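Asker: First, the structure itself, so that you have it in front of you.
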Amino acid sequence: MLKTPHSTTPAPVAGAALPGMMVAKRDGRRLEFDDSRIYAALAKAFADVHGELDPLIHRKLEGLVARITKEIGERFSVDVKIYEIQNVVEHVLLDSKEYDVAEAYISYRTQRDFARSKATDIDHSILKLIGKDQSVVNENANKDSDVFNTQRDLTAGAVGKAIGLKMLPPHVANAHQKGDIHYHDLDYHPYAPMTNCCLIDFTSMLSQGFRIGNAEVEPPRSIQTATAQIAQIIANVASSQYGGASVNRADELLAPYARKNFDKHLAEAQTWIADESVHQVYAEEKTRKDIYDAMQSLEYEINTLFTSNGQTPFTSLGFGLGTDWFEREIQKAILAIRIGGLGSERRTAIFPKLIFTLRRGLNLDPTDPNYDIKELALECATKRMYPDVLNYDKLVELTGSFKTPMGCRSFLQGWQDADGNDVSEGRMNLGVVTLNLPRIALEAAGNVEKFWSILAERLAIARDALIYRIERCCEATAANAPILYVYGAFGQRLALNDPVSSLFKGGRATVSLGYIGLYEVAAAFYGGAWESNPEAKELTLEVLRELQRNTASWTREHGYQFSVYATPSESLTDRFARMDKAKFGSVPDITDKDYYTNSYHYDVRKSPTPFDKLDFEKDYPQYSSGGFIHYCEYPILQQNPAALGAVWDYAYDRVGYLGTNTPIDRCYECGYSGDFDATARGFQCPECGNANPATCDVVKRTCGYLGNPQARPMVHGRHSEIAARVKHMPGAVGVSGAEPAGRAEPAGGVDA
């Protein structure tokens, strides 16, 4: 482990220890007695009463903690219950005539008891929803809380969260409520044994047929029918899980159906056109039009779908590796349609997320056969932000095989079936539990050994939470979600009453340990400008190595694939920061920003070049290969796609997955195109002040996805990050480090 670095936060001096004394927590855990926890609680109570603590008060605190520890040691021999410790604390405070401090301490305890009770009170949860509590109704930037079916989903989610907290192991529920960890998607899981995100097995579903509702669906005989079936499958899968769904290698998937169109048109030409020299051209032109129409229909269908979750399905479309004429035409159609935009106003499509694969020898360099499609992808990214790019060789190195991410960033690890075949489609993620890393750093108060000790304690809780996720998912039967388990979306086709655990074991599925706020961890020990400090960076890397060591151990022990995941949760960056600010006050470069930095990203308030940012971040995904993405942020690029191309080329051998962030907002009242101003209530045109969603198109990165925050207001805390991002936008090609505002979590959780 690392030695203790310099700290900007003074460590408290605590009273004597009580060797062998164990504390029985409310949630059933037994932890070694630690008098520094008493010190921290009293320090907060004193600060509430007296403000900033001076050396005199610190000495008084040391004396009080010593008295409390001595009395506990005299009254209890082996175990002491947490409420017994608190009673001793109150007694000593009152005996010392610290009446105001005692009142503050008791008040905090009471508030915590109320908070625990409210979280599991269904009536309270429903009343928050009816009262339009902004943290509830605006939690998801792509979910319109004014729509009836969304309101119904939010109501069900409020009930699901309250019941889910009661179902969780008590120490897991307690850690979630306190903000030590975040058990994602409580509005769906564990109330229902649902899975998170997946790579749908479209290949087998389209080739073998499937069933939806009352209809037996036969294999398609044209690309138009194939894309229509894909849209129906996506809608049904999205209603049976809570995370994102991806189409892997869409160009290669759809090419055989485009060939059926070609064969039909060629036969027509041979029947009706005497001149044989035009038969091929005729068939190609007709097929090209069919491909374009089919892909345009797919884009419109996905953007007009509403699932039972009350939102458009969070969908990703991977493509770019195809080489034959049909695959190339599908790639070009996908990009041309996205460039053209939706509707008469040519608005930017939010879904599906486009993910284009770069591969050396195929499309990376000007001499490669598909380089022309890369140029089209660059144009598309400058105008519509998508596509993001996967760098084939680096992705295989990081994850063990090539595949599109599930949803926005969750990556399956390489896995082979019993016959030794590499399998990606039909696999899934079972959910995410995220660690609040900045809180651990704040609790350590400059002591790195204590940081590792607390991290080990939180990892044990996270492990229990993830094991519970697995066990709950295994309680499902195939009948709970026929589209997933019976009709092929998850690859194997089970009988209705079959258990589903066979699809999760042995690495076929992943379950993810998430983390947030590596920037703030280093800032707690080294200050806010630590990025060029090798010792500080080594601390952040060692944190991820420790997470990876633990997940590898859990995988060996339990037989399921535990992965480390760079959490992309918009609401969580706000939730953790808000809770920690209440607990620790406004700490420079940590809680004073009102948000935490997602995963391993560079501080959003700084502006390195894209090349410096990529060089800094490239070292992290090897330790969190279960989910990751990098972003570079630019000024307007539409007239300079070569600048973006230079970054794509630089990134190829360094990172596996890269997204573009560039201003593409449009005002239909004055014609302005660029970056709208971030305000406390949303976004407005910098030219005319227009903030009407009906007459402006505001599109921002919602972590892994795009979102329309103007039409779907976001949690307030993330407006602060957008404002910071805009303020620090470089004048030339530059970048901001953390993910901008929005929402990466379908249906209130992490999309993976």
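Just so you know, all these numbers are worked out from the coordinates, no wet-lab data involved. Just so we're clear, the structure is a prediction, and the values are computed from it rather than from any experiment. Ideal geometry is used to build each Cβ from the backbone, glycine not excepted, and the neighbour counts take in all protein chains shown.
Asker: Pull out a ≥ b ≥ c, the square roots of the eigenvalues of the alpha-carbon gyration tensor of region 358-511, then state rounded if a/c is under 1.5, prolate if not and a/b is larger than b/c, and oblate in the remaining case.
Answerer: Details: a/c = 2.33, a/b = 1.16, b/c = 2.01.
Oblate shape, in that a/c is at least 1.5 and b/c is the bigger or equal ratio.
Asker: Between A267 and S453, what FRET efficiency comes out of the Förster formula 1/(1 + (r/R0)^6) with R0 = 56 Å and r the beta carbon distance, rounded to 0.05?
Answerer: Details: r = 73 Å, r/R0 = 1.31.
Calculated transfer efficiency: 0.15.
Asker: To the nearest 20 debye, what is the magnitude of the charge dipole of region 325-441 about its Cα centre, counting +1 on the Cβ of each Lys and Arg and -1 on the Cβ of each Asp and Glu?
Answerer: Numbers: 16 positive and 15 negative charges, 133 e Å.
It comes to approximately 640 debye.
Asker: Once you have the alpha carbon radius of gyration of region 524-632, what is it after dividing by 2.2 N^0.38 Å, with N set to its residue count? Don't skip to the end; give the middle numbers.
Answerer: Working: Rg = 15.2 Å, N = 109, 2.2 N^0.38 = 13.1 Å.
Scaled against compact globular proteins, the figure is 1.16.
Asker: Sticking with this structure for a sec: Between region 33-65 and region 299-368, what's the alpha-carbon centroid distance in Å?
Answerer: Cα centroid of region 33-65 versus Cα centroid of region 299-368: 57 Å apart.
Asker: Still on this structure, I have one more. Mind giving me the nanometre distance, one decimal, between the label points for E557 and K178, set 7 Å out from Cα along Cα→Cβ?
Answerer: 2.0
Asker: Amide H neighbours of L317 under 5 Å, counting only residues 5+ apart in sequence or on other chains, H built in-plane at 1.01 Å?
Answerer: V247, K353, L354, I355
Asker: Which whole-Hz couplings ³J(HN,Hα) result when phi for each residue of region 432-438 is put into the Karplus expression 6.51 cos²θ - 1.76 cosθ + 1.60, θ = phi - 60°, listed in order with x for Gly and Pro?
Answerer: Those phi angles translate into 9, 10, 10, 8, 8, 5, x Hz.
Asker: In angstroms, what radius of gyration and Dmax does region 610-665 have, counting Cα atoms only?
Answerer: For region 610-665, the Cα radius of gyration and maximum Cα-Cα distance read 11.9, 37 Å.
Asker: In sequence order, what are the phi-derived ³J(HN,Hα) couplings for region 363-380 according to the Karplus relation 6.51 cos²θ - 1.76 cosθ + 1.60 with θ = phi - 60°, rounded to whole Hz, with x for glycine and proline?
Answerer: With the stated coefficients, region 363-380 comes to 8, 6, 10, x, 8, 6, x, 9, 4, 4, 6, 4, 4, 5, 5, 4, 4, 4 Hz.
Asker: Something else: Got a sec to turn the phi values of region 30-39 into Karplus ³J(HN,Hα) couplings, 6.51 cos²θ - 1.76 cosθ + 1.60 with θ = phi - 60°, whole Hz, x for Gly and Pro?
Answerer: So the J values, rounded to whole Hz, are 10, 10, 5, 4, 9, 6, 5, 5, 5, 4.
Asker: What lysines sit close enough to K394 to cross-link, taking a C-alpha to C-alpha distance under 28 Å and skipping anything fewer than 8 places away on the same chain?
Answerer: K332, K353, K374, K383, K403, K505, K537, K606, K613, K618, K700
Asker: Could you compute Rg(Cα) / (2.2 N^0.38 Å) for region 301-392, with N its residue count? Let's see the in-between values first.
Answerer: Numbers: Rg = 14.0 Å, N = 92, 2.2 N^0.38 = 12.3 Å.
Taking N as the residue count of region 301-392, the ratio is 1.15.
Asker: Run the simple label-point estimate for R654 and S222 please: 7 Å along Cα→C-beta, distance reported in nm.
Answerer: 4.8
Asker: Which FRET efficiency value, to the nearest 0.05, do you get for A336 and K25 by plugging their Cβ-Cβ distance into 1/(1 + (r/R0)^6) with R0 = 51 Å?
Answerer: Details: r = 59 Å, r/R0 = 1.16.
Result of the calculation: an efficiency of 0.30.
Asker: Computed FRET efficiency, Cβ-Cβ of R259 and A418, R0 25 Å: what is it to the nearest 0.05? Kindly include the intermediate steps, with their values, before the conclusion.
Answerer: Details: r = 31 Å, r/R0 = 1.25.
The calculated FRET efficiency here is 0.20.
Asker: With a sphere of radius 11 Å drawn around the Cβ of F411, what net charge do the other residues whose Cβ falls strictly inside it have (Lys, Arg +1; Asp, Glu -1)?
Answerer: Details: positive: K403, R409, R427; negative: none.
Neighbour charge sum, excluding F411 itself: +3.
Asker: With +1 on the Cβ of every Lys and Arg and -1 on the Cβ of every Asp and Glu, and nothing else charged, how large is the dipole of region 150-286 about its Cα centre, in debye rounded to the nearest 20?
Answerer: So the dipole magnitude of region 150-286 works out to roughly 700 debye.
Asker: With a ≥ b ≥ c the root eigenvalues of the C-alpha gyration tensor of region 214-294, is it rounded (a/c under 1.5), prolate (a/b larger than b/c) or oblate? Walk me through the intermediate numbers first.
Answerer: Numbers: a/c = 4.11, a/b = 2.57, b/c = 1.60.
Prolate.
Asker: Grab the Cα-Cα distance for E84 and Y99, subtract it from 0.36 nm times how many residues apart they are, and report the gain in nm with one decimal. Please report the intermediate quantities before stating the final value.
Answerer: Numbers: separation 15, 0.36 × 15 = 5.40 nm, distance 1.93 nm.
This chain segment gains 3.5 nm when fully extended.
Asker: Using amide H atoms built 1.01 Å from N in the peptide plane, name the residues 5+ places from E32, or on other chains, whose amide H lies under 5 Å from its own.
Answerer: V23
Asker: Of the peptides 357-370, 210-223, 319-332, 518-531, how do they stack up when ordered by the mean number of other Cβ atoms within 10 Å, highest first? Walk me through the numbers before you get to the answer.
Answerer: Numbers: 357-370: 16.6, 210-223: 14.6, 319-332: 21.4, 518-531: 23.1.
Most protected by this proxy first, the peptides run 518-531, 319-332, 357-370, 210-223.
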